[in-house]
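Visitor: Quick one: the structure is below, questions incoming.
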Amino acid sequence: MLFGREQFTVKTEMGGEVIDKLYAKELVPTPIEEFEKLPEDEKKLRKPYPFNQRTYEAAPGIICDQDVAVPMRDGVILYADIFRPADSTAKVPVILTWSNYGKRPNEYRPDELKAYTPGVPKGSISDLAKFEAADPEFWVPNGYAVANVGIRGIGYSGGYHEQFGKQDAEDSYDFIEWCAGQPWCNGKATVAGSSALAISQWRIAAEQPPHLACIAPWEGMSDMYRGSLCEGGIPAVQFTNFATAGTCGLKGIDDMGGMAERYPLMNGYWADKIPDFPKVVVPAYVTAGWNHFHLRGPVNG
């Protein structure tokens, strides 16, 4: 169970069988000014989450189209912040940062936690970067756009948050193809990032979006059942529960920890989170964490 959150099930056909798919309520996204006025006990169930559709100068030479609405094939709307060069009419490739960590966490973090990434000196990463993601202040001046995406079920994006399965990959496919049709894009896209931002990339690449040029999965497992929740055949849900405890959305999150307890053996639910590696045909820049759960996935990839 995801830290005592309210749970509910949705019967879902997966791999030819009907699964009682378990979801947990997420923290409720709340405008920052409203969040600050809440009693402390109510804050525990909410998360400050900004929404402000506009185009503005995010940094010298960088403009941001903020909270852009991008429709998916089923009509669900995802919201993204797209950073791109301000002083050029040239079309550029786009780097997707695809994870459940939210689009603009530094807008509500205290100064000492802004642009926080373990293992790098403070100041190495700008406030525009998502956690473990490409930094717009580096990549945009070097001729790229960066799309910080609020994926399905995160923030104000619609739908349930589905972790690392076919729905997540189809959404990225749709988002990549949407980007390719925008006037600022040269028709090439990549997905890059570490850990959670890497896990999804194998599944996304296996969907073969026509305009996906390459991927850069840095330390990301590729089989959630064998690589994380039941690594070595030993149930271990604590890290997954910890990593997803801060997710924020309007409907609910696919509760992998709860599902490992409910379905401890391989079934259609777990199979949905395993990429079809032979279908990954784009170039991939891969790194592995030699001493932890981000080893098996990159090596298999």
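The values are calculated or read from the model by the stated rules, or taken from the named source; none is laboratory data. What you see is a predicted model, and the numbers here were worked out from it, not measured in a lab. Cβ sites come from the backbone with ideal geometry, for glycine too, and all protein chains shown count toward neighbours. Note: areas computed on protein heavy atoms with side chains; ligands, DNA, RNA excluded. Shrake-Rupley method; radii C 1.70, N 1.55, O 1.52, S 1.80 Å.
Visitor: Is at least one residue of the stretch 143-164 over 10 Å from the mean Cα position of the chain (by Cα), over 24 Å from M256 (Cα atoms) and surrounded by fewer than 24 Cβ atoms within 10 Å (Cβ to Cβ)?
Guide: The answer is yes; a qualifying residue exists.
Visitor: Considering only residues that are open to solvent by less than 20 Å² (accessible area, probe 1.4 Å) and in a loop (DSSP other than H, G, I, E, B), which ones fall in the stretch 20-47?
Guide: E26
Visitor: Report yes if A213 is out of contact with any strand residue (DSSP E or B) (no Cβ under 7 Å at 6 or more places or on another chain), modelled with pLDDT of 95 or more and of a type in the set (A, V, I, L, M, F, W, C), otherwise no.
Guide: Considered against the rule, which asks whether it is out of contact with any strand residue (DSSP E or B) (no Cβ under 7 Å at 6 or more places or on another chain), modelled with pLDDT of 95 or more and of a type in the set (A, V, I, L, M, F, W, C), A213 comes out as no.
Visitor: Now for a separate question. Kindly list the number of the only condition in (1) part of a helix (DSSP H, G or I); (2) surrounded by fewer than 20 Cβ atoms within 10 Å (Cβ to Cβ) that fails for K122.
Guide: Failing condition for K122: (1).
Visitor: Which of the residues belonging to the stretch 182-196 are among the hydrophobic types (A, V, I, L, M, F, W, C) and either within 11 Å of the chain's Cα centre (by Cα) or closer than 29 Å to G297 by Cα (or both)?
Guide: A189, V191, A192, A196
Visitor: Identify all residues within the stretch 182-232 that are over 25 Å from A260 (Cβ atoms) and among the β-branched types (V, I, T); write none if there are none.
Guide: T190, V191, I215
Visitor: So in the stretch 172-181, with the set limited to residues that are in contact (Cβ under 8 Å) with a residue 60 or more places away in the chain and either in contact with a Ser or Thr (Cβ under 7 Å, 6 or more places away or on another chain) or not hydrophobic (A, V, I, L, M, F, W, C) (or both), which one is nearest to G257 (Cα to Cα)?
Guide: S172
Visitor: Would you check which residues across the stretch 48-65 are more than 20 Å from N186 (Cα to Cα) and either crowded, with 20+ Cβ neighbours inside 10 Å or in contact with a strand residue (DSSP E or B) (Cβ under 9 Å, 6 or more places away or on another chain) (or both) and list them?
Guide: Within the stretch 48-65, P48, Y49, P50, F51, N52, Q53, R54, T55, Y56, E57, A58, A59 qualify.
Visitor: Tell me which residues, restricted to the stretch 84-139, are at pLDDT below 75, under 20 Å from the mean Cα position of the chain (by Cα) and among the acidic types (D, E).
Guide: E107
Visitor: Moving to a separate point now. Having 3 or more residues that are open to solvent by less than 50 Å² (accessible area, probe 1.4 Å), at negative phi and touching a residue at least 24 places away in the same chain (Cβ under 8 Å) is the bar; report the helices (runs of 4 or more DSSP H) wholly within the stretch 189-301 that clear it.
Guide: In the stretch 189-301, the matching helices (runs of 4 or more DSSP H) lie at 196-206, 238-244, 256-262, 268-271.
Visitor: Just to be sure before I move on: is I63 of a type outside the set (F, W, Y), under 24 Å from P136 (Cβ atoms) and without any contact (Cβ under 8 Å) to a residue 24 or more places away in the chain in the structure I sent?
Guide: Considered against the rule, which asks whether it is of a type outside the set (F, W, Y), under 24 Å from P136 (Cβ atoms) and without any contact (Cβ under 8 Å) to a residue 24 or more places away in the chain, I63 comes out as yes.
Visitor: Next question. With (1) in a loop (DSSP other than H, G, I, E, B); (2) within 21 Å of E57 (Cα to Cα) as the list, and Y101 as the residue in question, which single condition is left unmet?
Guide: So the condition that Y101 fails would be (2).
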